[in-house]
Amino acid sequence: MMKLILGSTSALALTVFLAGCASSPMPLDKTPVVPDALKVPSGQVLSQAFRATGIQIYECRQNKDDAQKFEWVFKAPEATLLDGAGNKVGKHYEGPTWESNDGSKVVGEVKGKDNGPDAAAIPWLLLSAKTVSGKGIFGPTQSIQRLYTTAGKAPAAECTAKLKGAEERVPYTATYYFYSATK
């Protein structure tokens, strides 16, 4: 008999991942209904949708406006992108960048934000494609939506001068919808 021992962060990550898998918010092949601030421009259609499971990385930094204060600042995501069958199709990382297994990439720029229905989760976003590369699945991307988020908010723990430069890795899940021009 094998015992599995998880630290609190690992246990939370596993819980968030399993919750995301067990309660899929909607089929990945359906265009989601979203608030106006997150609607993609006309002339774009859903081309891909993937679930993401990973972490949001925060760093304890000095406040830009008050050198006596410190705060957790978002640094980057690290997530695995999964198709509807649970197969790894790519990754999501700093930029924000989405990179598929076929080598195509899209770097996004935030255009809209909505707090979403879960106050304990990171916001829902609309992003436009700032740059794309490769001929694969992300090559034609023009817009991206981050929806159905769970967890991922900045740490509740205090950020102090003693912690300056420290990183916290907070588990999260989301569904990313990718849009391209109507053909």
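The values are calculated or read from the model by the stated rules, or taken from the named source; none is laboratory data. Note that the structure is predicted; figures quoted are calculated from it, not measured. FYI the Cβ positions are ideal-geometry reconstructions off the backbone, even for glycines, and counts take in every protein chain you see.
Of the set (1) surrounded by fewer than 20 Cβ atoms within 10 Å (Cβ to Cβ); (2) of a type outside the set (K, R); (3) modelled with pLDDT of 85 or more; (4) not in a strand (DSSP E or B), all apply to S47 but (4). Within the stretch 111-129, residues that are more than 11 Å from I144 (Cβ to Cβ) and touching a residue at least 24 places away in the same chain (Cβ under 8 Å) reach partners that are part of a strand (DSSP E or B) and of a type in the set (D, E) with beta carbons closer than 6 Å, at six or more positions or on different chains, in the pairs W124/D114.
The residues of the stretch 108-128 that are buried (at least 20 other Cβ atoms within 10 Å of the Cβ) and in a strand (DSSP E or B), listed by number, are G108, W124, L125, L126, L127. Selection of the stretch 59-83 for residues being of a type in the set (K, R) and under 9 Å from T160 (Cα atoms) yields R61, K69.
The residue that is farthest from I55 (Cα to Cα), among those in the stretch 77-100 that are touching a residue at least 24 places away in the same chain (Cβ under 8 Å) and not in a strand (DSSP E or B), is G84.
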